[in-house]
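A short worksheet on the structure shown next.
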Amino acid sequence: MTTLKGMTWRHPRGVDPMIATSEAWRRKTGIEINWEQRSLQDFESYPIEELARNYDLIVIDHPHVGQIADENCILPLDQPERMADIADLAANSVGLSFPSYHWRARQWALPIDAAAQVQAYQANALQGPVSHWKEVLEMARKGKVLIPMRAPHNLMCFYTLAANLGTPCASEPGGQIIEPEAGERVIDELAKLTAHIRPECWNMDPIAALEYLATGEGPEVLIPFTYGYLSYAVEGLKPHRIVFSDIPTLGHQGPVGSALGGTGIAVSAFSAHANDAIDYAFWVAGEEVQKTIFAQSGGQPGHAVAWKDEAVNMPVHNFYRNTSATLEGAWVRPRHNGYMSFQAEGSSILTSGLQGGYSANRIIKELNAAYAQNSSVNHHTNNFRQNH
C-alpha cells in the first residue's frame, strides 16, 4: 500500500477535514495519508523547504509562495493535463484565494480553506453587526470590545484598516509598506481602539479571542477584526454562540480590504509519490469534496460553491453568506521571498509602538524602514539566485 505523509496546522479546522478526506481517499484509491500537525505560530513561520523534505503534502498559507518558488521545494500544480481542473478552481475561487497561490506565472498550491478578517459578536448580546468603525470605538470605550493583537494579527489589523480606507499597503517588494500620511491615520485609529482593550489582547490570537468571547469570561461582546472560525457559530458548542459578519468599515467602499488568510494544499518536490499526492490535492480542493466531506468534518471550505451551499451554511447560521462580501473584497499580503521576516518585525514594531505610546510618525518610519530593508535583502538574494 502506498502511504503519504502530510503536514497541517493544529486546530480541528486544520486537522479534522484532512483526516476525514484522507480516510475517504483511502477507501477510494487504496492510498493512505498520515497527517501530522504543527502549532498556529509554527504554521506561520516554519521553513517550508524543511517540511518539503519530510512530507509529501503540506498545508501552507499564501505569503510563503515567493520562498517556495525560489527554493524549488514545491511542485507547481498547473501541469498541462490539469488545466481544465485549474480553470474550474480559478473560476470558483472565494475572492482572491486561488490567485493568492499564483506566483511567477505558476500555481503553487490549491485553496482548500478560505478566510479573511471578519467581524464576530455574541449572538445574544447584539441585535446585529456593527457597520462602522466609529461604533467600534464607542463600544470600546464602554469596555465591550476584544481584538486579537498577538503577532502577526496586530499587523493584519493594520493592513485591513489601511486597505479599507482606500490606501492599501504595498504588495510588492521595494520602497515603503505605506505612504506616511496614510499609515499615520491607521496608527491613530488603532491607538484609539487599543487604549480601551484589556492587556490580555496582546497575547491573544483569533482562536484565543473567540474562545474568550464564546465562554463569556468578560464584558466584551464584539471582535471587530478576527479570522473567522466556523465552529464558534455552531449552536450549543459554547455558552455563547458567535455570529460572524462583514467587517465594520472606516472607508466609503464597503467591507473591502480585509487581510486575506486561509490555506492551500501543496505537493513536495521531493515526494517519491508526487502523482498520487497531486491527485489527492485536486480531489480535496474540488467542489464535491469541499461541500460535503470537508465541510461536514469541521473544515472551512475554499471553494465558492460550498460557500453558497444551503447545507453548508445551515449548521453555522449562515457563517459563509454573512461574510462573503468581506472575502470577495479581501486584500492579498506581499508574497515575495523574505516577506515573512518583515511580517515578524513589523508586528513587533506595532506592539512596541502602540503599547509604548509612540507617535504615529515614529511607528510608520520604523515600519517603512523595516520593509525597505527586507525588500533590499530580498532583491539581492533573488539576483544572486538568478545569476548563479
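The values are calculated or read from the model by the stated rules, or taken from the named source; none is laboratory data. Just so you know, these numbers come straight off a predicted model, no measurement behind them. Please note: Cβ atoms are built from the backbone with ideal geometry, for glycine as well, and neighbour counts cover all protein chains shown.
Residues that are surrounded by fewer than 15 Cβ atoms within 10 Å (Cβ to Cβ), among the charged types (D, E, K, R) and over 14 Å from Val267 (Cβ atoms): does the stretch 48-71 have at least one?
First, pick out the residues of the stretch 48-71 that are surrounded by fewer than 15 Cβ atoms within 10 Å (Cβ to Cβ): 50, 53-54.
Restricting the remaining residues to those that are among the charged types (D, E, K, R) gives 50, 53.
Narrowing further to those that are over 14 Å from Val267 (Cβ atoms): 50.
Scanning the stretch 48-71 turns up at least one residue that is surrounded by fewer than 15 Cβ atoms within 10 Å (Cβ to Cβ), among the charged types (D, E, K, R) and over 14 Å from Val267 (Cβ atoms).
State yes or no: is Ala191 surrounded by fewer than 21 Cβ atoms within 10 Å (Cβ to Cβ), touching a residue at least 60 places away in the same chain (Cβ under 8 Å) and aliphatic (A, V, I, L, M)? It would help to see each step written out before you state the result.
Working: surrounded by fewer than 21 Cβ atoms within 10 Å (Cβ to Cβ): yes; touching a residue at least 60 places away in the same chain (Cβ under 8 Å): yes; aliphatic (A, V, I, L, M): yes.
The answer is yes for Ala191.
Report, by residue number, each residue of the stretch 72-114 that is closer than 12 Å to Ala304 by Cα and aliphatic (A, V, I, L, M). First the steps, then the outcome.
Applying the first criterion (closer than 12 Å to Ala304 by Cα) to the stretch 72-114 yields 88-98, 111-114.
Selection gives Leu89, Ala90, Ala91, Val94, Leu96, Ile112, Ala114.
Considering only residues that are in contact with a strand residue (DSSP E or B) (Cβ under 6 Å, 6 or more places away or on another chain) and among the charged types (D, E, K, R), which ones fall in the stretch 1-24?
Result: Lys5, Arg10.
Against the condition polar (S, T, N, Q) and farther than 25 Å from Asp88 by Cα, how does Ser245 come out, does it pass? Reasoning before the result, please.
On the way: polar (S, T, N, Q): yes; farther than 25 Å from Asp88 by Cα: yes.
Judged against the criteria, Ser245 is a match.
Answer yes or no: is there a residue in the stretch 352-371 that is of a type in the set (A, V, I, L, M), modelled with pLDDT under 95 and under 14 Å from Pro173 (Cβ atoms). I'd like the intermediate steps shown before the answer.
Taking the stretch 352-371 first, the residues of a type in the set (A, V, I, L, M) are 354, 360, 363-364, 367, 369-370.
Of the ones still in play, those that are also modelled with pLDDT under 95 are none.
No: the stretch 352-371 contains no residue that is of a type in the set (A, V, I, L, M), modelled with pLDDT under 95 and under 14 Å from Pro173 (Cβ atoms).
State whether one or more residues within the stretch 61-84 are over 26 Å from Ala151 (Cβ atoms), touching a Gly at 6+ places or on another chain (Cβ under 9 Å) and at pLDDT 95 or above. Steps first, please.
Residues of the stretch 61-84 that are over 26 Å from Ala151 (Cβ atoms), as a first pass: 72, 75-84.
Retained after the next criterion (residues that are touching a Gly at 6+ places or on another chain (Cβ under 9 Å)): none.
Within the stretch 61-84 (the criterion being over 26 Å from Ala151 (Cβ atoms), touching a Gly at 6+ places or on another chain (Cβ under 9 Å) and at pLDDT 95 or above), the answer is no, since none of the residues qualifies.
Could you please give the count of residues in the stretch 171-197 that are in contact with a Gly (Cβ under 8 Å, 6 or more places away or on another chain) and at pLDDT below 95?
Residues that pass the stated criteria total 1.
Is at least one residue of the stretch 247-257 within 27 Å of Thr21 (Cα to Cα) and either in contact (Cβ under 8 Å) with a residue 12 or more places away in the chain or outside the structural domain of Arg38 (by TED's automatic domain parsing) (or both)? Before the answer, list the steps.
Going through the stretch 247-257, the residues within 27 Å of Thr21 (Cα to Cα) turn out to be none.
Looking through the stretch 247-257, none of the residues is within 27 Å of Thr21 (Cα to Cα) and either in contact (Cβ under 8 Å) with a residue 12 or more places away in the chain or outside the structural domain of Arg38 (by TED's automatic domain parsing) (or both).
What pairs can you find where one residue is in the stretch 361-372 and free of Cβ contacts under 8 Å to residues at least 24 places away in the same chain, the other is of a type in the set (A, V, I, L, M, F, W, C) and buried (at least 18 other Cβ atoms within 10 Å of the Cβ), and their Cβ atoms are less than 6 Å apart, with a gap of 6+ or different chains?
Glu366/Ile349
From the list Pro76, Pro80, pick out the single residue that is surrounded by fewer than 16 Cβ atoms within 10 Å (Cβ to Cβ) and either free of Cβ contacts under 8 Å to residues at least 40 places away in the same chain or among the hydroxyl-bearing types (Ser, Thr, Tyr) (or both). Break it down into steps so the answer makes sense when it comes.
Working: Pro76 fails: surrounded by fewer than 16 Cβ atoms within 10 Å (Cβ to Cβ).
Residue meeting the stated conditions: Pro80.
Looking for something aromatic (Phe, Trp, Tyr) and assigned to a strand (DSSP E or B) - is there at least one such residue anywhere in the stretch 13-29? Working first, answer last.
If we filter the stretch 13-29 for residues that are aromatic (Phe, Trp, Tyr), which is where we start, we get 25.
Next cut, assigned to a strand (DSSP E or B) only: none.
No, because not a single residue in the stretch 13-29 is aromatic (Phe, Trp, Tyr) and assigned to a strand (DSSP E or B).
What single numbered condition from (1) more than 18 Å from the chain's Cα centre (by Cα); (2) of a type in the set (A, V, I, L, M); (3) buried (at least 24 other Cβ atoms within 10 Å of the Cβ) fails to hold for Ala274?
Of (1) more than 18 Å from the chain's Cα centre (by Cα); (2) of a type in the set (A, V, I, L, M); (3) buried (at least 24 other Cβ atoms within 10 Å of the Cβ), only one is false for Ala274: (3).
Among the residues of the stretch 298-332, how many are buried (at least 23 other Cβ atoms within 10 Å of the Cβ), out of contact with any Leu (no Cβ under 7 Å at 6 or more places or on another chain) and within 30 Å of Glu172 (Cβ to Cβ)?
Within the stretch 298-332, residues that are buried (at least 23 other Cβ atoms within 10 Å of the Cβ), out of contact with any Leu (no Cβ under 7 Å at 6 or more places or on another chain) and within 30 Å of Glu172 (Cβ to Cβ) number 8.
Of all residues in the stretch 1-27, count the ones that are in contact (Cβ under 8 Å) with a residue 24 or more places away in the chain and of a type in the set (D, E, K, R).
Applying the first criterion (in contact (Cβ under 8 Å) with a residue 24 or more places away in the chain) to the stretch 1-27 yields 1-14, 16-22, 24-25.
Still in the list and also of a type in the set (D, E, K, R): 5, 10, 13, 16.
Looking only at that region, the number is 4.
State all residues of the stretch 20-39 that are among the hydrophobic types (A, V, I, L, M, F, W, C) and more than 16 Å from Gln290 (Cβ to Cβ); if no residue qualifies, say none.
So in the stretch 20-39, the residues among the hydrophobic types (A, V, I, L, M, F, W, C) come out as 20, 24-25, 31, 33, 35.
The answer is Ile31, Ile33, Trp35.
Among the helices (runs of 4 or more DSSP H) confined wholly to the stretch 83-196, which include 2 or more residues that are more than 23 Å from the chain's Cα centre (by Cα) and not assigned by TED's automatic domain parsing to the domain that holds Tyr232?
On the way: elements: 83-91, 133-141, 153-164, 180-194.
Here the list reads 83-91.
Rundown of residues vs (1) out of contact with any strand residue (DSSP E or B) (no Cβ under 9 Å at 6 or more places or on another chain); (2) closer than 27 Å to Thr226 by Cβ; (3) in contact (Cβ under 8 Å) with a residue 40 or more places away in the chain, yes/no style:
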| site | (1), (2), (3) |
| --- | --- |
| Gly66 | no, yes, yes |
| Ala84 | yes, no, no |
| Tyr101 | no, yes, yes |
| Leu110 | no, yes, yes |
| Ala120 | no, yes, yes |
| Asn124 | yes, yes, yes |
| Gln127 | yes, yes, no |
| Arg150 | yes, yes, yes |
| Leu155 | no, yes, yes |
